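Reading through the structure tokens given below for one structure.
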Amino acid sequence: MSSDQVVIFDTTLRDGEQSPGATMTHDEKLEVAELLDAMGVDIIEAGFPIASEGDFEAVTAIAKRTQNSVIAGLARAINKDIDRCGEAVKHARRPRIHTFVSTSPIHLAHQMKKTQEEVLDIISATVARARNLVDNVEWSAMDATRTPIDYLCRCVETAIKAGATTINLPDTVGYATPDEYQKMFEDIRARVPNAGKAVFSVHCHNDLGLAVANSLAGLHGGARQIECTINGIGERAGNAALEEVVMAIKTRGDVLPYRTNIESAMLNRVSKLVAAVTSFPVQYNKAIVGRNAFAHESGIHQDGMLKNTQTYEIMTPASVGVTKTSLVMGKHSGRHAFKEKLKELGYELGENQLEDAFARFKALADRKKHVYDEDIEALVDDEIAQQHERIKVLSLTVIAGTMGPQTATLTLDIDGHHVTKQATGNGPVDAIFNAIKALVPHEVKLALYQVHAVTEGTDAQAEVSIRLEDEATGKQVTAKGADPDTLVASAKAYVSALNKLKIKQAKGQLEGVDLQRDARRGP
């Protein structure tokens, strides 16, 4: 292995699954393992075979199916654990047994109830047993960062002598700082006589929020394997996040002169899969894969991004598998970003129209936490529709009841011309909409029809919401109509939506509709 190569050891399926509530099914583990393998993860810690029959079966299945990665299983420094682990990983093209034992005084006194010498004997015997089963053995000193350096050196030397090919010195409780962690590796590698025979590994927990920083510091101390998890899941506050480690190395090659085999463009995809199968949502501001990692709302930031993306992004969205940067429109957005958003949505407004629209957008953003593209479209379309309303409801008469068919007689004002049509339908609303279609022929899908009472009582004003979809283009418009008469409100809402649709068609340079001609021609 070259001196700049960093081995990525993913323990999402073992340490990650130990997060309370993060248990995965057998099939979900296989799916995650397959994606990790495809992404270029060097070593997949597939589980803890002795923990349960399900874990044993999952590790066995992953070992049989994985094409490229080394498959590791975890084992305590107990003979039956090591034998069970060896049985599970033996089917892998490249199997590894990862065995561990506590080394810190607090663990030896309260958990192990062993002396230092007894633990050294355990290390020697169990590592040798694992080495008899597989050629690739990793040994971990649990709670290494709270272990006296002299004793830790003796443990590492013993493990390597017994056959360990990788030595992991974990910050099990997330206690270390980067400088301390780096120095620990430097001291161990300098003082242990046979240190050159093993690869050194970091495994950092995030109790103080330093897991990634400590992992990278370990590289400076001579470690060349990083143990991490997708989305940073794991015991308590979690582990070092694989995506953060990988992108830190890729982005800051000037101070981190290393490389990994990870295909970073798959990071977002793997993150979403792990979040889905564990039901652990990724926090919005999570580095690299959070929803807001490439989103900008501040007007200053948006302005800079529109001028040059490097002003506020140190990596491209595509490099981690995100489609594009998102300019989130909200109360902090500036005029420049708003204008670009309108352009993206297909609107070209004059200066006066832009100023009016921007003022209304700001007012909306103050009232609404999330302003979506559809909100902006509705805001602009409503204004344009009011200024260029070509169709208006003049009068409506409906005959309804148990004796059908129901009939609607509708008069519309179309570009100043009054036209009337009578139509029947399967119910009064259907009759009204058929009359509108007869007066203004068009092909749309009615995607939504909802009626709400604005106030209480039988005399309440009705508010009708309509959504029409142009099936040829997929464009949708939403409109509302209000009236004490629900049927009149329905007619107003449909006509308002139709006005918006005509505006969208004109804006999209679709074939225009001569409303007067169509009204005269009829169906």
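Read the figures in this text as sums done on the coordinates, not as results from a lab. Note that the structure is predicted; figures quoted are calculated from it, not measured. Here the Cβ positions follow ideal geometry from the backbone for every residue, glycine too, while neighbour counts run over all protein chains shown.
List of remarks:
- Estimated distance in nm for a label pair at ALA453 and HIS417, the labels positioned 7 Å out from Cα along Cα-to-Cβ: 4.2
- Dipole magnitude for the range 7-278: computed about the Cα centre from +1 point charges on Lys and Arg Cβ and -1 point charges on Asp and Glu Cβ, it is near 600 debye.
- For the range 7-278, convex hull of alpha carbons as volume per residue, Å³: 111
- Nearby lysines by direct alpha-carbon distance to LYS197 (threshold 21 angstrom, same-chain neighbours under 8 apart not counted): LYS161, LYS183
- A straight chain from HIS442 to ILE149 at 0.36 nm per residue would run longer than the Cα-Cα distance by 97.4 nm.
- Phi-derived couplings, Karplus 6.51 cos²θ - 1.76 cosθ + 1.60 at θ = phi - 60°, listed residue by residue for the range 400-417: 9, x, 6, 9, x, x, 7, 10, 10, 10, 10, 10, 10, 9, 10, 6, x, 9 Hz, with x used for Gly and Pro.
- Sorting 168-175, 154-161 by average packing, meaning the other beta carbons within 10 Å per residue, from highest down gives 168-175, 154-161.
- One chain, two ends: GLU355 and THR25. Fully extended at 0.36 nm per residue, the span grows by 113.3 nm beyond their Cα-Cα distance.
- For the range 213-222, 3J(HN,Hα) computed residue by residue from phi via the Karplus equation (6.51, -1.76, 1.60; θ = phi - 60°) reads 4, 5, 4, 5, 5, x, 4, 4, x, x Hz, glycine and proline entered as x.
- Packing-based ranking, highest mean first, of 258-270, 401-413, 5-17 given that Cβ atoms within 10 Å are counted: 5-17, 258-270, 401-413
- Listed pairs LYS339/LYS492; LYS339/LYS392; LYS250/LYS307; LYS307/LYS339; LYS392/LYS480 exceeding 23 Å between Cα atoms: LYS339/LYS492; LYS339/LYS392; LYS250/LYS307
- Highest average packing first - 356-365, 177-186, Cβ atoms within 10 Å: 177-186, 356-365
- Residue-span extension gain [GLN111 to ASP430] - 0.36 nm each, minus C-alpha spacing: 107.3 nm
- Computed E for ASN285/ALA482 - FRET, C-beta separation, R0 41 angstrom, nearest 0.05: 0.55
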